[in-house]
1. So residue 123 ticks every box in (1) of a type outside the set (Ser, Thr, Tyr); (2) part of a helix (DSSP H, G or I); (3) modelled with pLDDT of 90 or more; (4) surrounded by 12 or more Cβ atoms within 10 Å (Cβ to Cβ) but one. Which box is left unticked?
2. Being modelled with pLDDT of 95 or more, β-branched (Val, Ile, Thr) and farther than 30 Å from residue 154 by Cα is true for just one of 35, 100, 62. Which residue is that?
3. Output the strands (runs of 3 or more DSSP E) that fall wholly within the stretch 1-99 and possess 2 or more residues being surrounded by 15 or more Cβ atoms within 10 Å (Cβ to Cβ) and free of Cβ contacts under 8 Å to residues at least 40 places away in the same chain, or say none.
4. Which is more than 12 Å from the chain's Cα centre (by Cα), of a type in the set (Asp, Glu) and more than 20 Å from residue 37 (Cα to Cα), of 106, 69?
5. Condition test on residue 53, is it closer than 28 Å to residue 138 by Cβ and either touching a strand residue (DSSP E or B) at 6+ places or on another chain (Cβ under 9 Å) or of a type in the set (Lys, Arg) (or both)?
6. Look at the stretch 102-132 and say how many of its residues are within 18 Å of residue 52 (Cβ to Cβ), among the hydrophobic types (A, V, I, L, M, F, W, C) and in contact with a Leu (Cβ under 8 Å, 6 or more places away or on another chain).
7. Please go through the stretch 127-168 and pick out each residue that is under 17 Å from residue 102 (Cα atoms) and either outside any helix (DSSP H, G or I) or in contact with a strand residue (DSSP E or B) (Cβ under 7 Å, 6 or more places away or on another chain) (or both).
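The values are calculated or read from the model by the stated rules, or taken from the named source; none is laboratory data. Small disclaimer: the values here were computed from a predicted structure and weren't measured. No Cβ is skipped: glycine too gets one built from the backbone with ideal geometry, and neighbour counts run over all protein chains shown.
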Amino acid sequence: MSEKSLLTGKRILVVDDEADILEMVKELLPMCEVVTASNFEEARALLISEPFDMAILDIMGVNGYALLETARQKKVPAAMLTAHAFTPTNLVRSIKEGAVAYIPKEELSNLVAFLEDILKAAKEGRSPWEPWQERLPSSYFEKRWGAAWRDIEEEFWARFKASIQAKQDASS
């Protein structure tokens, strides 16, 4: 008998301007109530007026960072899902602005695992970025962005690593 997913019964808002991505996410999350939006206005109205357990936001095409701000204000954990905005700068911005994950669209087949990691980390009082780093280690980004991808924001990455370690120590 398989273990019940942490996602079972969760209400998730998925925002992307690509209809095929919205459909793919729905197919990947049959255990959830998935609500979709294909533009900023529709998504913002949904975030303001309806309850969600989590949001998955594209960055480009739907003003994902403005939606992230609304999600944060409504205390809805939001994961950024992106292809075109897959850059070190957008990764740092996503972390700084309160996203709980930064998921490349090429990793969409692993979406359930990413989302379950977020929920499990929250349940355990850990940072959601801790399991994220295990799924997408530095080597993943080095292959795409080069070995020096963290050099631009060295101070940020040092603080980020320290905050993850502090959360790990506190939950031990």
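1. Looking at each condition in turn, residue 123 falls short on (4).
2. The conditions single out 35.
3. Those strands (runs of 3 or more DSSP E) span 33-37, 78-82.
4. The match here is 106.
5. Criteria not met by residue 53.
6. The total comes to 5.
7. Matches in the stretch 127-168: 127, 128, 132, 136, 137, 149, 150.
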